[in-house]
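**Student:** Dumping the structure here so I can ask a few things about it.
The values are calculated or read from the model by the stated rules, or taken from the named source; none is laboratory data. As the structure is a computational prediction, the values presented were derived from the model and not from experiment. Cβ atoms come from the backbone with ideal geometry, glycine included; neighbour counts cover every protein chain shown.
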Amino acid sequence: MWLAVVLGVVQLVGWLFWWWNDIWYGFATASLRSSQGGTKLPPGYMGLPIIGEMFTFLWYFKILRRPDDYINFKRQKYGDGVGMYKTHLFGRPSIIVFSPTATKYVFRAEESFVLEWPNVEIVGRSALVAVHGKTHARLRSFVSRSINQPEALRQIAEIVQPRMISSLKSWAECGNINSYKEIKKVTFANIGMFFASFEPGPTMDALGQAFIGLISGVRSYPLNIPGFAYHHALKCRKTSVAIFREELEKRRKNIEDGSAKPMNDLMDGFMKLKDEDGSQLSDIEILDNIISVLVAGYESTTLASMWAAYYLAKYPKVLQKLREENMSLKKVKNEELVTSDEILKMKYTMKVVDETIRLANIAAIVFRTTSQDVIYKGYTIPKGWNVMLWIRYLHTHPDNFNDPMSFNPDRWDELMAPGTYQVFGGGSRICAGNMLARLQLAIFLHHLSTGYKWELVNPEAKVIYLSHPKPEDGVEIAIQKL
Ligand code: HEM
């Protein structure tokens, strides 16, 4: 009899352990909210205490390397429902949003679903990504005018090309390169140039070092103790701020003594911009925003260009069509740099750009936090929960894109179903550098396809998905002049 009791207790404890999060959040939390209407959480499983579903998530992303099956598994188990599941990930009760309709709803309901950057002090509290409401709208208009609108794009197109052209030349001289590492170098050099007119040299080297530490602290555990990534990232932020501040002060002094020369860069743009009331950005707003835009644009641009080199090597027919279109522009240009207006009009090239960004899924998940209880189609999303917009799933699902895993720029001949292409996010937080990202990628494709041929050294290299999708070898290529 005692054995039966012990077994019963063990079973009960096991059952409680298995269902603890669901009981705690689903029953206790929802009941407390019953006075405000809906108590039902979306379907799903919230995993074990503290750990939640983290092991399942890592199983699909890290071990199986089939991230979309994490959602497919849930769909099989719980059905499509309202396009949301409850779960517990990254230490917090969470809602996964995976359908176009639910994604659109969350992006639009900005007051209820708020962007909260982890470790925001690393990018700066007055950065675009850290502020809300009117302050956000004002800053966004500054940033967008400086990097994402036609006049800015014209200047940036001129600035980035010399370094791209000389890097491609040096890659071909090398023969074999790691695309990720090399593209990262040229992207950083270009960023230094169009952000603050920094030429290669000790300042850029110091900034490069500081940025490695800064970026690795953005999603680290916030322990400000020597030896931890977060502590190091804060030190790296100080170094980065000091470098940009020195440049900013030099420019202010030059303006005062009348020796200022017009600079064709982001810092100058930020210094000059005025909003409708005639007010300008403060120094700390300029510095925080330079740093946060750098964080947002550096890795993403690098990965997009790396994936383009990868897909084009795997799809020679696409490369052929791309090359033909770009050769016709190259002939007309006769060694001159291409302009942003010319490149953005190249129809097939822009389709290759959009297809690359769709399939690369650089920003796989976008995070929000609920600022209040939200009732969506009869389900409650409680205040303070993590909301994870699983945008990669929109781009890899056959309902949204026919044969979704194939690289097919011609699919862009037809209009996509609404809400299915969200690579740059949505709502008022939509990527502030989306046109810049597309332009930079298109310019890279122009020079790469018209001057070089290349092949993958490890065509079967496995893809890693965390923190960003990337073939394990960083896309090693053997490259030579055409
Ligand atoms: C292919 C490349 C890129 C992809 C896939 C991408 C994706 C995204 C996504 C999904 C968001 C929305 C995040 C959210 O809602 O929480 C975002 C925001 C942002 N991106 Fe990009 N991005 C790219 C390139 C760039 C570039 C080149 C820049 C600038 C140099 C940039 C600057 C920003 C900024 C400043 C925000 C924050 C906007 C705000 O909070 O109002 N991005 N990006």
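Residue-wise test of (1) among the small types (Gly, Ala, Ser); (2) within 16 Å of the ligand (Cβ to nearest atom).
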position	(1), (2)
Ile362	no, yes
Gly378	yes, no
Leu394	no, yes
Arg411	no, no
Gly425	yes, yes
Arg429	no, yes
Met435	no, yes
Leu456	no, no
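**Student:** If you don't mind, another one. Would you point out the residue of segment 409-428, among those that are small (Gly, Ala, Ser) and in a loop (DSSP other than H, G, I, E, B), that is surrounded by the fewest Cβ atoms within 10 Å (Cβ to Cβ)?
**Tutor:** This residue is Ala417.
**Student:** Moving on. So, of the residues in segment 106-126 that are in contact with a helix residue (DSSP H, G or I) (Cβ under 6 Å, 6 or more places away or on another chain) and farther than 26 Å from Arg392 by Cα, which turns out to be farthest from the ligand (Cβ to nearest atom)?
**Tutor:** Ranking the qualifying residues of segment 106-126, first place goes to Ile122.
**Student:** Mind checking which residues of segment 269-304 are in a helix (DSSP H, G or I) and either farther than 20 Å from Ala152 by Cβ or away from the ligand (no atom under 16 Å from the Cβ) (or both)?
**Tutor:** Met271, Lys272, Asp283, Ile284, Glu299, Thr302, Leu303
**Student:** Under 7 Å by Cβ, and 6 or more places apart or on different chains, what pairs join a residue from segment 124-147 that is within 15 Å of Leu266 (Cβ to Cβ) with one that is charged (D, E, K, R) and part of a loop (DSSP other than H, G, I, E, B)?
**Tutor:** Here the result reads Ser141/Asp275, each pair linking segment 124-147 to a residue that is charged (D, E, K, R) and part of a loop (DSSP other than H, G, I, E, B).
**Student:** Right, another one. Has segment 398-412 got at least one residue that is over 21 Å from Val160 (Cα atoms) and touching a His at 6+ places or on another chain (Cβ under 8 Å)?
**Tutor:** Yes, the conditions are met somewhere in segment 398-412.
**Student:** Would it be correct to say that Thr103 is at pLDDT 95 or above, farther than 30 Å from Asp341 by Cα, within 13 Å of the ligand (Cβ to nearest atom) and part of a helix (DSSP H, G or I)?
**Tutor:** yes
**Student:** Working carefully through the options Asp275, Asp257, Asp283, find the one that is among the charged types (D, E, K, R) and touching a Ser or Thr at 6+ places or on another chain (Cβ under 9 Å).
**Tutor:** Asp275
**Student:** Follow-up. I'd like to check something: does segment 221-238 contain any residue that is part of a helix (DSSP H, G or I) and within 16 Å of the ligand (Cβ to nearest atom)?
**Tutor:** No, segment 221-238 has no match at all.
**Student:** Let me ask something additional. Is it true that Ser467 is at pLDDT below 95 and either closer than 18 Å to Leu319 by Cβ or in a helix (DSSP H, G or I) (or both)?
**Tutor:** It is false that Ser467 is at pLDDT below 95 and either closer than 18 Å to Leu319 by Cβ or in a helix (DSSP H, G or I) (or both).
**Student:** Scanning for something aliphatic (A, V, I, L, M), under 30 Å from Asp268 (Cβ atoms) and within 15 Å of the ligand (Cβ to nearest atom), does segment 83-98 turn up at least one residue?
**Tutor:** The answer is no; no qualifying residue exists.
**Student:** Within segment 112-163, can you find the residues that are touching a strand residue (DSSP E or B) at 6+ places or on another chain (Cβ under 8 Å), buried (at least 17 other Cβ atoms within 10 Å of the Cβ) and of a type outside the set (A, V, I, L, M)?
**Tutor:** Ser112, Phe113
**Student:** Could you figure out which of (1) more than 23 Å from Phe198 (Cβ to Cβ); (2) among the β-branched types (Val, Ile, Thr); (3) at pLDDT below 90 isn't true of Val295?
**Tutor:** Status for Val295: all satisfied but (1).
**Student:** Sort through Ser167, Ser141, Ser146 and tell me the only one that's over 19 Å from the mean Cα position of the chain (by Cα), at pLDDT 95 or above and small (Gly, Ala, Ser).
**Tutor:** The conditions single out Ser167.
**Student:** Another one. When you go through Gly451, Gly419, Gly474 one by one, which is the residue that is in contact (Cβ under 8 Å) with a residue 24 or more places away in the chain and either within 16 Å of the ligand (Cβ to nearest atom) or among the basic types (Lys, Arg) (or both)?
**Tutor:** Gly419
**Student:** Search segment 358-381 for residues that are in contact (Cβ under 8 Å) with a residue 60 or more places away in the chain and more than 22 Å from Pro43 (Cβ to Cβ) and pair each with any residue that is in a strand (DSSP E or B) and more than 8 Å from the ligand (Cβ to nearest atom) when their beta-carbon atoms are under 8 Å apart and the residues are at least 6 apart or on different chains.
**Tutor:** Hits for this filter: Ser371/Phe113; Ser371/Val114.
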